[in-house]
Every structure is written in C-alpha cells, then in structure tokens.
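*Asks:* My questions all concern the structure below.
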Amino acid sequence: MSPITRILILMLAMGGGMLYKKLSDLMGDVAAPELPLNQWWGDEEEPKDWQAYLANSSEVIGNRLMYSDTTLDDVKSLLNRTLHLTEPLEDVNFEYGFNSKFLQELVEYWRDDYMPRWREREVFLWQFNHFTTDIQGLRMHFLHLMVYDEYTVDRHHYPVLLLHGWPSSIREFYSLIHKLHQTKKDKNNKYIFNVIVPSLPGFAWSQGTSKRGLGPAQIAVMMRNLMLRLGYKKFFIQGTDWGSIIGSHIATLFPENVLGYHSNMCTVMSPKSLTKGLIAGTFPSIFAPKGYEDFFSPVSEKIHYLLEETGYAHIQSTKPDTLGTALHDNPVGLAAYILEKFSTWTNATYRHLPDGGLKKRYKLDALLDNVMIYYLTNSITTSLRIYKEATSEEQRALKLDRVPTHVPTGCARFKSEMMHFMDIQLKDKYKNLIHSTYYKEGGHFAAMEVSNVLYQDFIEFVKKVEKIKQITGYKREEL
C-alpha cells in the first residue's frame with residue numbers, strides 16, 4: 001500500500017470519526033439535566049428559611065369558589081352588546097376560521113340559555129373536591145378525589161395524576177374522572193383511583209408567575225412536588241397536549257416516583273426522531289402497522305395540515321401578551337379563538353361544516369364551561385405564556401427529548417390528532433414502551449370526546465404495568 005493511499009485512508013477514517021461524533025452529538029442520548037427542586041416563582045421575596053416556608057405553606061385548603069352576581073352581570077352585559085360581525089364569504093363554513101353566522105348563534109345560546117343556568121353549571125363544576133396549596137411560591141389549584149378504604153376491598157387501587165393542556169382545562173377530564181373514581185363495585189371493573197387534577201400554573205385558578213423561565217420542565221418539578229405534598233410517592237400519569245409533555249418530563253426526571261406514564265399525544269421532537277418520521281412516513285407500508293398507514297401519510301398532506309394549523313403556536317410562542325390583550329375582557333372573541341381549536345383539532349374535515357362540527361361531538365354546555373373558566377379567572381394571557389417559555393433557548397438547552405425515559409410508557413393514538421409518531425420514533429426516547437394503540441375515531445380532546453375509549457386504553461396500560469412490576473394495588477407504605 002502506497003504512502004498516499006495510507007494517508008487517504010487515515011483522512012477518511014478521521015473524517016468518518018468526526019462525522020460520527022457530530023451525528024452522535026446531534027442525535028444521541030443525553031444525560032438528564034439537574035433542575036432546582038425548590039425554584040421560587042412567587043411574587044414575594046424568596047424565603048431564606050425553606051423549612052419554615054414549607055411548614056407554613058403546606059396546608060391544603062378546600063375551596064368552593066362562587067362568582068358574584070356583579071361579575072355574572074358583567075358577562076351578560078358583554079354578551080348583550082350588538083355584534084357587528086363581518087359576514088362570512090359565500091359557501092365558507094370554518095375554512096377561514098370561526099364562522100360568524102354560527103358565532104352569532106352560539107352567543108345567543110350562551111346569553112339566553114346558558115347564562116340563566118349558570119348557578120347550575122357552578123354546581124356541576126364544583127361536584128368534585130377543589131383545593132389550593134402553595135407550591136414554590138405559587139398558589140396551585142387542583143381537584144383531589146380520594147377513595148375510602150371500604151371501596152378498595154378487592155379493587156386495584158392507585159393514584160393517578162391527570163394533566164391537561166391548552167386551550168383546555170380540568171373540565172376536559174370530568175367524564176374520565178367519574179370512570180377512574182367509580183365507587184360502585186362492578187365485577188367487570190376491578191380498578192379504582194385516587195384522582196389528582198391540577199390546573200397548570202397560569203391556567204384557571206392556579207396562579208401565574210411574574211418571573212421568566214417557568215417552562216414545561218419547571219412545571220414538571222412543581223407537579224411532582226404537588227404529588228409529594230399530597231403524600232403520593234409513586235403514581236400513574238395520564239397527560240394530553242402540554243400535559244403530555246409535562247408528564248413525560250416528570251417520568252424522565254423523576255422515574256422513582258412514576259409507576260407508569262400514559263398519553264394520548266406521545267411526541268419525540270429530537271432530530272433523530274423527526275428524521276425517522278420523514279423516512280417512515282414516505283414508506284408507510286414498510287414501517288406503519290397494517291391498517292394504520294393513513295395515520296402517517298401522505299407526508300405532504302400531513303406537513304400541509306401542520307403548517308395550516310400551527311400558526312396559532314407561532315404567535316403564542318412570540319407575542320403571547322399581545323394576543324392575550326386582544327382576548328382579555330372579550331368573551332365573544334375568546335370563545336371564537338378557543339372553540340375554533342375544538343372544531344379543527346377534533347377532526348380536520350369539520351372545517352367544512354356550518355357549525356365546525358362542535359355540536360356533532362360535544363355538548364355546547366361543556367364547551368362553554370371551558371370558555372367560562374378561562375374568562376372568569378382572567379387566565380388567557382398567563383396560559384399562553386407557556387408557549388413562549390417552552391420555545392426559549394434555556395428550555396431547548398435541556399434537550400429533554402433526547403433524555404431516555406425508562407418508566408413504563410403507554411401511547412394511544414387517535415386518528416384525528418394533529419400529528420402521530422411511530423414506535424420506531426418513540427422508542428428512541430421511551431425505552432420501555434409497553435403499550436401502543438391506534439383508534440380510528442377521536443381527536444385531540446380525547447378525554448372529552450371519547451372518554452370511554454381513553455379510559456379502557458388507560459386500564460389496559462395499567463394492567464401491563466402491574467404484570468411487569470408484579471403489583472396489584474397501592475399502599476403508601478409499600479410504594
């Protein structure tokens with residue numbers, strides 16, 4: 001072998017090694033970051049004595065919030081204003097956004113039917129136990145349904161943390177809560193759960209922060225601290241939308257506390273995963289499960305749909321306060337902005353229906369409950385800020401999508417969700433993906449739209465976790 005050939009081989013080897021290192025740095029697994037467990041987010045000065053603070057702030061207070069007649073009269077007066085809406089184009093339903101003709105119909109229902117029954121809706125919203133407690137300087141709101149010992153006999157009993165997203169709230173989970181906390185014994189249902197459903201920081205009755213940096217990773221720390229505050233050292237997680245990301249972060253950062261992580265919106269946004277998705281989506285017959293190829297292809301249509309439907313995310317990730325100001329004290333505009341998402345994210349084809357399919361899959365009362373929660377708590381601006389924080393340089397630097405998650409993981413895919421990931425992508429991160437399912441019906445708000453299906457999927461996941469961990473129930477002293 002000539003000296004020149006040897007030099008060329010050496011150079012190729014060095015170049016290959018450098019390329020491999022670059023790809024490894026870009027696509028390989030990374031170690032979990034260390035996040036402060038007691039970072040202060042409150043308006044007041046951070047306490048110097050954390051033990052004293054925890055002793056004084058750990059009280060959990062029951063709440064049953066009632067809104068005054070004055071507040072309700074303000075809502076009614078705003079709904080009574082003459083609407084000078086721009087007429088929709090001919091033969092346009094929801095293709096240009098919320099159709100103004102249906103918006104007029106919705107406002108009339110809201111004003112003349114829903115609002116006169118608000119005290120009934122209030123009773124409905126407070127049917128579960130509401131609580132607040134201080135976590136890292138913020139007053140956090142949550143539902144907490146405990147199970148009395150008499151109902152746990154011959155039942156598999158566990159705690160589960162339910163995490164919502166935007167533009168949803170705890171209201172999305174009401175039907176699912178009833179199924180998880182069913183105290184009536186049924187020979188076909190051996191499972192019962194302590195159910196904890198927090199409002200995320202800045203959402204609904206949970207206080208927002210005045211400080212920068214409260215992103216999904218930091219919220220994950222807060223949610224874990226909330227569960228510890230309530231005495232749960234180990235628990236299941238079910239999450240959707242932001243709740244899916246936050247739940248994933250809890251499972252990744254605190255695996256010792258998580259029995260299993262289940263989501264109906266499993267995503268992995270790492271470069272490796274996205275590259276795999278592009279290739280696999282181009283050849284779905286090779287990579288996708290038989291019969292579910294259309295969840296991932298045609299790739300061009302999926303990309304076009306994402307471009308069409310994610311404009312909201314760009315403005316919320318860049319100028320959340322500008323948008324919040326436009327929606328503040330504007331119930332009609334708020335309803336149009338929020339409910340347009342409930343239309344298209346439930347099923348993209350509903351854009352071609354006069355009512356956006358809203359009455360096809362939901363009750364108007366349920367949708368208006370969710371809008372009223374945002375309006376009455378004045379939380380639209382603070383809820384939008386999570387998008388800005390999630391896309392910050394500091395949050396991206398954590399690279400949590402590339403940190404392996406070893407907790408048992410279950411992923412349910414509903415056909416009309418905005419995007420889907422194949423197992424070959426998910427397993428890059430979720431090393432213990434034990435449950436992977438597909439459903440032809442359902443969209444983004446599965447807990448509200450198809451709660452029975454989501455519940456059964458979650459129970460099947462729990463059964464698999466039990467088999468792996470060889471457990472049949474929850475005892476605080478054991479878990």
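The values are calculated or read from the model by the stated rules, or taken from the named source; none is laboratory data. Small disclaimer: the values here were computed from a predicted structure and weren't measured. We place every Cβ from the backbone using ideal geometry, glycine too, and count neighbours over all the protein chains shown. Surface accessibility is based on the protein's heavy atoms, side chains included, excluding ligands, DNA and RNA. Shrake-Rupley method; radii C 1.70, N 1.55, O 1.52, S 1.80 Å.
*Asks:* Report, by residue number, each residue of the stretch 186-208 that is part of a loop (DSSP other than H, G, I, E, B), among the polar types (S, T, N, Q) and open to solvent by less than 10 Å² (accessible area, probe 1.4 Å).
*Replies:* Listed by number, the residues that qualify are 199, 206.
*Asks:* Here's a follow-up. So which of 134, 149 is out of contact with any His (no Cβ under 8 Å at 6 or more places or on another chain), closer than 16 Å to residue 227 by Cβ and surrounded by fewer than 20 Cβ atoms within 10 Å (Cβ to Cβ)?
*Replies:* Checking each option against the conditions leaves just 134.
*Asks:* List, please: which pairs have Cβ atoms under 6 Å, are six or more places apart or on different chains, and start with a residue in the stretch 374-393 that is open to solvent by 40 Å² or more (accessible area, probe 1.4 Å) and end with one that is not in a helix (DSSP H, G or I)?
*Replies:* Listed pairs, sorted by first residue: 382/202; 382/208.
*Asks:* Within the bounds of the stretch 386-404, is there any residue that is touching a strand residue (DSSP E or B) at 6+ places or on another chain (Cβ under 9 Å) and farther than 28 Å from residue 304 by Cβ?
*Replies:* For the stretch 386-404, residues touching a strand residue (DSSP E or B) at 6+ places or on another chain (Cβ under 9 Å) and farther than 28 Å from residue 304 by Cβ: present.
*Asks:* Ok, one more. Pairs please, first residue from the stretch 210-227 and at positive phi, second anywhere and surrounded by fewer than 23 Cβ atoms within 10 Å (Cβ to Cβ), Cβ atoms under 9 Å, 6+ apart in sequence or on different chains.
*Replies:* 213/39; 213/41; 213/389; 213/392; 213/394; 213/395
*Asks:* Is there any pair with a first residue in the stretch 275-302 that is closer than 28 Å to residue 28 by Cβ and modelled with pLDDT under 95 and a second that is acidic (Asp, Glu) and surrounded by fewer than 18 Cβ atoms within 10 Å (Cβ to Cβ) whose Cβ atoms are under 6 Å apart and which are 6 or more apart or on different chains, and what are they?
*Replies:* Final answer for the pair search is 284/293.
*Asks:* Any residue that is hydroxyl-bearing (Ser, Thr, Tyr) and closer than 22 Å to residue 196 by Cβ - is there at least one of those in the stretch 123-138?
*Replies:* Yes, there is a match, as at least one residue in the stretch 123-138 is hydroxyl-bearing (Ser, Thr, Tyr) and closer than 22 Å to residue 196 by Cβ.
*Asks:* If a residue must be closer than 27 Å to residue 413 by Cα, in contact (Cβ under 8 Å) with a residue 24 or more places away in the chain, of a type in the set (S, T, N, Q) and surrounded by fewer than 20 Cβ atoms within 10 Å (Cβ to Cβ), how many such residues does the stretch 311-358 contain?
*Replies:* 1
*Asks:* Shifting gears a bit: When residue 55 is evaluated against the numbered criteria (1) of a type outside the set (Asp, Glu); (2) open to solvent by less than 60 Å² (accessible area, probe 1.4 Å); (3) not in a loop (DSSP other than H, G, I, E, B), which criterion, by number, is the only one it fails?
*Replies:* Here residue 55 clears every test but (2).
*Asks:* Can you spot a residue in the stretch 211-220 that is in contact with a strand residue (DSSP E or B) (Cβ under 9 Å, 6 or more places away or on another chain) and within 27 Å of residue 363 (Cβ to Cβ)?
*Replies:* no
*Asks:* Between 64, 81, which is over 22 Å from residue 337 (Cβ atoms), loosely packed, with under 13 Cβ neighbours inside 10 Å and of a type in the set (Lys, Arg)?
*Replies:* From the options 64, 81, the qualifying one is 64.
*Asks:* Of all residues in the stretch 450-475, which are open to solvent by 40 Å² or more (accessible area, probe 1.4 Å) and either without any contact (Cβ under 8 Å) to a residue 12 or more places away in the chain or out of contact with any strand residue (DSSP E or B) (no Cβ under 9 Å at 6 or more places or on another chain) (or both)?
*Replies:* Passing the criteria: 452, 456, 463, 467, 470, 475.
*Asks:* Something else about it: Being in a helix (DSSP H, G or I), open to solvent by less than 30 Å² (accessible area, probe 1.4 Å) and either touching a Ser or Thr at 6+ places or on another chain (Cβ under 7 Å) or of a type in the set (Gly, Ala, Ser) (or both): is that true of residue 428 here?
*Replies:* yes
*Asks:* Kindly list the number of the only condition in (1) under 30 Å from residue 375 (Cβ atoms); (2) at pLDDT 95 or above that fails for residue 66.
*Replies:* Condition not satisfied by residue 66: (2).
*Asks:* Pull out all pairs, ordered by first then second residue, where Cβ-Cβ is under 7 Å, the residues are six or more apart or on different chains, the first lies in the stretch 396-415 and is surrounded by 24 or more Cβ atoms within 10 Å (Cβ to Cβ), and the second is of a type in the set (Lys, Arg).
*Replies:* Close Cβ pairs satisfying both conditions: 405/429; 405/431.
*Asks:* On the basis of being in contact with a helix residue (DSSP H, G or I) (Cβ under 8 Å, 6 or more places away or on another chain), among the basic types (Lys, Arg) and either farther than 12 Å from residue 419 by Cβ or open to solvent by 20 Å² or more (accessible area, probe 1.4 Å) (or both), does residue 302 make the cut?
*Replies:* yes
*Asks:* Which condition breaks for residue 447 when tested against (1) touching a His at 6+ places or on another chain (Cβ under 9 Å); (2) over 30 Å from residue 121 (Cβ atoms); (3) buried (at least 19 other Cβ atoms within 10 Å of the Cβ)?
*Replies:* (2)
*Asks:* I'd like the residue in the stretch 84-105 that is of a type outside the set (Asp, Glu) and loosely packed, with under 11 Cβ neighbours inside 10 Å and, out of all such residues, is farthest from residue 337 (Cα to Cα).
*Replies:* Step by step, filter the stretch 84-105, then rank; the result is 89.
*Asks:* Let me ask something additional. Among the numbered criteria (1) at pLDDT 95 or above; (2) touching a helix residue (DSSP H, G or I) at 6+ places or on another chain (Cβ under 8 Å); (3) surrounded by fewer than 24 Cβ atoms within 10 Å (Cβ to Cβ), which one does residue 255 miss?
*Replies:* The single condition residue 255 does not satisfy is (2).
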